[in-house]
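Student: Let me give you the structure first, and then I'll get to my questions.
The values are calculated or read from the model by the stated rules, or taken from the named source; none is laboratory data. Because the structure is a prediction, the values reported are computed rather than measured. Here the Cβ is made from the backbone with ideal geometry for all residues, glycine too, and neighbour counts use every protein chain on show. Surface accessibility is based on the protein's heavy atoms, side chains included, excluding ligands, DNA and RNA. Shrake-Rupley method; radii C 1.70, N 1.55, O 1.52, S 1.80 Å.
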Amino acid sequence: MRNVAVVKNMVLAGSGAGASAAASDGRTRDRVAQLLQRGPATAAELGAQLGLSPAAIRKHLDAMFTDHLVETREVRRAGPRGRGRPAKAFVLTAAAREDLNPHHYDNIAAAALRWIAQHNGPEAVTAFASTQIRALEERCRAALEEAGPDPIARAEALADALTAEGYAAGASTIASGGQLCQHHCPVAHVAAEFPQLCDAETEVISRLIGTHVQRLATIAHGDGVCTTHIPARGPQHPHQPAATTVRTEKS
């Protein structure tokens, strides 16, 4: 979860009682999130299950609300309502549920691709991957309209477009040309089994930048970053593929 990462950073940066308190808060909020996976609950109900006072549990819920991890809804009760404000139940946001179960949808996608491969062959998986990434290509192409023809400039514009899509990308110039790095891959878990997804993405990068590119590393293959090399301008052999992927065996 996102708040867990914040807590870890606080622990690394702090020391003594402050760091211990931050770690304790993180553990408590993890327990709150696990309880809310079962369904909505009021602050009083959560406090009772965790052995915390109403004030203490509200402190954690307020922090989780600020981090967009929980939201509230009014509790509907049968019969006449008593005095005071209506009770509020807390529920996990969609983003928090995804953080708690990061591979749930990935597992479904992988199962679907296995079915496609089993019944229609690997070529069908390749066709599916190309079709799925077409919408991303069109959105990125629109973002590159003013980038000009230079491949490095287009790579920088593409990095911005991919970052907006959740890939946390960046581009840099190196001695042999340029380099596009993606620090996050939304489909890494599935692409580890079906590299056709990476191949389709590499071909899209090549088309958008307008030159041959070579994928040197992928998160799906166990590397820390998806790295695509963009060679410096020069004559391209007429039979040279637009995009290639280099895969090395991991020990």
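Student: Please list, ordered by first then second residue, the pairs with beta carbon atoms under 9 Å, 6 or more apart or interchain, first in segment 86-104 and closer than 10 Å to Val70 by Cβ and modelled with pLDDT of 85 or more, second surrounded by 13 or more Cβ atoms within 10 Å (Cβ to Cβ) and of a type in the set (Phe, Trp, Tyr).
Tutor: Filtered contacts from segment 86-104: Phe90/Phe65.
Yes/no per residue for (1) out of contact with any helix residue (DSSP H, G or I) (no Cβ under 7 Å at 6 or more places or on another chain); (2) of a type outside the set (Ser, Thr, Tyr); (3) open to solvent by 50 Å² or more (accessible area, probe 1.4 Å):
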| position | (1), (2), (3) |
| --- | --- |
| Asn107 | yes, yes, yes |
| Gly121 | yes, yes, no |
| Val125 | no, yes, no |
| Ala129 | no, yes, no |
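Student: Quick one: would you say Arg139 is in contact with an Asp or Glu (Cβ under 9 Å, 6 or more places away or on another chain), open to solvent by 90 Å² or more (accessible area, probe 1.4 Å) and under 21 Å from Thr211 (Cα atoms)?
Tutor: yes
Student: Of Ala161, Ala192, Ala171, which residue is at pLDDT below 95 and under 21 Å from Tyr105 (Cβ atoms)?
Tutor: After applying the criteria, what remains is Ala192.
Student: Condition check: modelled with pLDDT under 95, part of a strand (DSSP E or B), open to solvent by 20 Å² or more (accessible area, probe 1.4 Å) and not small (Gly, Ala, Ser). Does Thr211 satisfy that?
Tutor: So Thr211 fails the test.
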